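First the structure, in the form of structure tokens, and then the observations on it.
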Amino acid sequence: MGENFEDGERAPFDNPVYTEGSGGTDITTQFTFYRDSTTSSGDEYRIATRYEVAQKGTRTVDGTSKPTYQLTRKKRRKEMGTGSWSSWSSVQGVSPSSLGYFQIDLLDKDASPVSNPNGNADQVHSVRVRFSVVSPFQNAQTFPRATHVGSVLLVRDQSDASVINTPSTTGDCKGGGWKQLTDGTGTPLGCAAACMHMASGGNKGSDNCMGGPGGP
């Protein structure tokens, strides 16, 4: 999410869409996020990935009939510099149809949900994903009847040193300029020689820093 975005670009996500599930639990029915990619021919594309969640049936949990859901993943893209998106792809990924709930929240630095995250992207520090999977077959001895999973993923800060900012020419490396640049993974370059090696068509180039950071 947000891969290859530059500082100041649009938020790399749309606001999650929620609906109320059983027991008052919000279900995220749609979440779209963006990244940029360059093809081997040099064409640059913006890629949108969308999660869609829909009810697929019901399942008895602890004696109560509850809805179950299924998540699907689709993608579309547009060539940068044009305003035309392709149509959404066919389904490229799918979950079991036994999700008890699925919820995505965009959190601030204090782990509180951000109101209107698309309009307040600078406040978003992490993405929290929570879901449950209901046991497909149950009897009196079944335990647990549902498995709950949660994960928090940090969102790349486009203003910090983790931003991928590679050298374009060897001139970018001179006068200490290499200190503000990174390799293709976002790792800071260790010295001017590594920077020049990469600007000349090499890869990471870190092994050229024989004298360590700032060395030859």
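Among the protein heavy atoms, those of Thr39 account for about 50 Å² of accessible surface (1.4 Å probe, every chain in place). Ranked by the mean number of other Cβ atoms within 10 Å of their residues, highest first, the peptides 50-59, 100-109 fall in the order 100-109, 50-59.
Is the shape of region 1-48 best called rounded, prolate or oblate, per the rule: a/c under 1.5 gives rounded, else a/b larger than b/c gives prolate, else oblate, with a ≥ b ≥ c the square roots of the Cα gyration tensor eigenvalues? Before the final figure, lay out the partial values.
Values: a/c = 5.44, a/b = 2.81, b/c = 1.94.
Prolate shape, in that a/c is at least 1.5 and a/b is the bigger ratio.
Within a straight-line Cα-Cα reach of under 27 Å, Lys75 can be paired with the following lysines, leaving aside sequence neighbours fewer than 8 residues apart in one chain: Lys56. Inter-label distance, Asp43 to Val129: 2.9 nm, where each label sits 7 Å from its Cα along the C-beta direction.
Between Leu99, Ser65, Pro16, the Cα set farthest toward the positive side of the dipole of region 1-132 (charges on each charged residue's Cβ, about the Cα centre) is that of Ser65.
The separation of region 69-83 from region 15-57, counted between C-alpha centres, amounts to 8 Å. Ranked by the mean number of other Cβ atoms within 10 Å of their residues, highest first, the peptides 171-178, 30-37 come out as 30-37, 171-178.
The portion of the accessible surface of region 1-143 made up by carbon and sulfur, rounded to a whole percent, is 43 (1.4 Å probe; DNA, RNA and ligands excluded).
Can you work out the accessible area per residue across region 1-127, with the rest of the protein chains kept in place, probe 1.4 Å, in square angstrom?
With the other protein chains kept in place, region 1-127 gives 54 Å² per residue.
The values are calculated or read from the model by the stated rules, or taken from the named source; none is laboratory data. Here the structure is a predicted model, which is why all the values come from computation and not from measurement. Positions of Cβ are generated from backbone atoms using ideal geometry, with glycine treated the same way; all protein chains shown enter the neighbour counts. For the accessible areas, the whole protein counts, side chains as well, though only heavy atoms, and no ligand, DNA or RNA atoms are used. Shrake-Rupley method; radii C 1.70, N 1.55, O 1.52, S 1.80 Å.
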